[in-house]
Amino acid sequence: MRRAAFIYEDALSRHELRSDHPMRPVRLRYTYELLQEYGAFDHPEAVLLDPRSATEEELAWLHTSEYIAAVKALGSGPGVDSGAVDAARFGFSGQGDNPVYPNMFEAAALSTGGSLLAAEMVASGEVRAAFNISGGLHHAAAGHASGFCVFNDPALAVHYFLNRGMRVAYVDIDAHHGDGVQEAFYSDDRVLTISVHESGQYLFPGTGSVDEMGEGAGRGYSVNLPLYPYTGDDDYVEAFSQVVPPLVRAFAPDVLVTQLGIDSYHSDPLTHLQVTTEGYIEAVRQLAGLGLPWLALGGGGYDVTAVARAWTLAFGVMLDIDWPDQLPSAFAKEHGAGRLRDELSPEVPAHIKVDVRRYIEDSVGAIRQQIFPLHGLTG
Ligand SMILES: [Zn+2]
């Protein structure tokens, strides 16, 4: 068994959602190039694989046939105003979060298939971890696009494991609440979803409070750790370590699925968390430390150079390698960045730090009180 698979081909990064859209698939190429320059794919424990397209049958594990047909028709037509399909009904619009772009179905099916291929590699035991950086599109719903996401590959990958009789822990560290994945398994006790995110009081999609804890048989199996804006590394890591490892260990899943969005990054243009590469990678290390078969997916991240550095570090954790901190010269030259890891954390004013701490105490306290006992943990 090799340590880690990486799923990538250039076709994943060639499209554009819209010329001014913050989700830039080219960040995937930057990540691949940085890993390539570090020699990651020459490592004997690494394997680099092309994605495959998800089939319509696989997409239908979550998505409605009506929606799948609409994505196809819109992506092969003249755009949102084609008239044949009511784009707005399926979450698409010209200037909003989810524009229609040429070959949208093919692009979305390819990144989704990359996550399913990665899931297959993990389930078969060929690798301990598999990383599809083009996946992690956690906002998509069964019948409509949302938050830059067309198909919900994390939920589909979870379905793949469930189809094989496996129980799944899904941990989502994107700065936005993993609402689509939570919704897909809200009443299912075979899937533990945990989302660590900037509070929905301040950020899209507005959901993800501690009170959303699952229903019916799934009560206690949806966990949300909302954080105050400007939460930085120390507080982030402390909150994460108090909630995520104990709950995943108590659940004792067969497989771990993680959404590793890096829009928690301090200079990310869309969010307000203040995490650096160091806080981020400590969370990733703790996920690795759970010692489970591991499907890792990408996610948000709109400072594209930071995305490349953070996901390079994450793949290093999967391979158990510490890349040299000096960035390879080609990447450093193209992006004007010198070091792989951040050396300094941004300063957060003391009065905001007080609010950050109070918010964490409330969030963690509520999780320990309401959810821990349902998993046999003492609050
Ligand atoms: Zn996000």
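The values are calculated or read from the model by the stated rules, or taken from the named source; none is laboratory data. What you see is a predicted model; the values in this text were computed from it and never measured. So basically every Cβ, Gly included, is an ideal-geometry build from the backbone, and we count neighbours across all protein chains shown.
At-a-glance table
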{"read-out": "Filtered residue count, segment 253-268, keeping only those that are out of contact with any His (no Cβ under 6 Å at 6 or more places or on another chain), within 12 Å of the ligand (Cβ to nearest atom) and within 13 Å of residue 173 (Cα to Cα)", "value": "6"}
{"read-out": "Subset of segment 321-379 that is among the aromatic types (Phe, Trp, Tyr) and not in a loop (DSSP other than H, G, I, E, B) - its residue that is surrounded by the most Cβ atoms within 10 Å (Cβ to Cβ)", "value": "331"}
{"read-out": "Top-ranked residue of segment 229-243 - restricted to ones that are outside any helix (DSSP H, G or I) and under 19 Å from residue 209 (Cα atoms), ranked as farthest from the ligand (Cβ to nearest atom)", "value": "230"}
{"read-out": "Single residue of 123, 118, 155 found to be over 29 Å from residue 199 (Cβ atoms) and buried (at least 24 other Cβ atoms within 10 Å of the Cβ)", "value": "118"}
{"read-out": "Among the residues listed as 162, 137, 192, the single one being more than 16 Å from the ligand (Cβ to nearest atom) and either in contact (Cβ under 8 Å) with a residue 40 or more places away in the chain or in a loop (DSSP other than H, G, I, E, B) (or both)", "value": "192"}
{"read-out": "Segment 269-297 - residue that is in a loop (DSSP other than H, G, I, E, B), touching a strand residue (DSSP E or B) at 6+ places or on another chain (Cβ under 9 Å) and within 16 Å of the ligand (Cβ to nearest atom) and, of those, farthest from residue 22 (Cα to Cα)", "value": "273"}
{"read-out": "Subset of segment 197-213 [within 13 Å of the ligand (Cβ to nearest atom) and acidic (Asp, Glu)]", "value": "198"}
{"read-out": "Options 253, 346, 324; residue that is within 28 Å of residue 112 (Cβ to Cβ) and not β-branched (Val, Ile, Thr)", "value": "253"}
{"read-out": "Count of residues meeting criterion [within 16 Å of the ligand (Cβ to nearest atom) and within 15 Å of residue 285 (Cα to Cα)] in segment 298-324", "value": "3"}
{"read-out": "Of residues in segment 204-222 being under 17 Å from residue 361 (Cβ atoms) and of a type outside the set (Gly, Ala, Ser), the one surrounded by the fewest Cβ atoms within 10 Å (Cβ to Cβ)", "value": "211"}
{"read-out": "Odd one out for residue 53, checked against (1) at pLDDT below 95; (2) small (Gly, Ala, Ser); (3) under 28 Å from residue 119 (Cα atoms)", "value": "(1)"}
{"read-out": "Scan of segment 268-306 for residues that are on the phi > 0 side of the Ramachandran plot and under 13 Å from the mean Cα position of the chain (by Cα), ordered by number", "value": "299, 301"}
{"read-out": "Cross-chain or 6+ apart pairs with Cβ under 7 Å, segment 168-186 first and over 16 Å from residue 280 (Cα atoms) and part of a strand (DSSP E or B), then within 14 Å of the ligand (Cβ to nearest atom) and modelled with pLDDT of 95 or more", "value": "170/154; 170/181"}
{"read-out": "Which listed residue, of 246, 226, 205, is over 27 Å from residue 291 (Cβ atoms), in contact (Cβ under 8 Å) with a residue 60 or more places away in the chain and not in a loop (DSSP other than H, G, I, E, B)", "value": "226"}
{"read-out": "Filtered residue count, segment 165-189, keeping only those that are small (Gly, Ala, Ser) and within 16 Å of the ligand (Cβ to nearest atom)", "value": "3"}
{"read-out": "Residue count for segment 87-98, restricted to those that are surrounded by 21 or more Cβ atoms within 10 Å (Cβ to Cβ), in contact (Cβ under 8 Å) with a residue 40 or more places away in the chain and at negative phi", "value": "3"}
{"read-out": "Cβ-Cβ under 7 Å pairs, at least 6 apart or on other chains, segment 283-311 side in contact (Cβ under 8 Å) with a residue 60 or more places away in the chain, far side within 13 Å of the ligand (Cβ to nearest atom) and among the polar types (S, T, N, Q)", "value": "297/259; 299/259"}
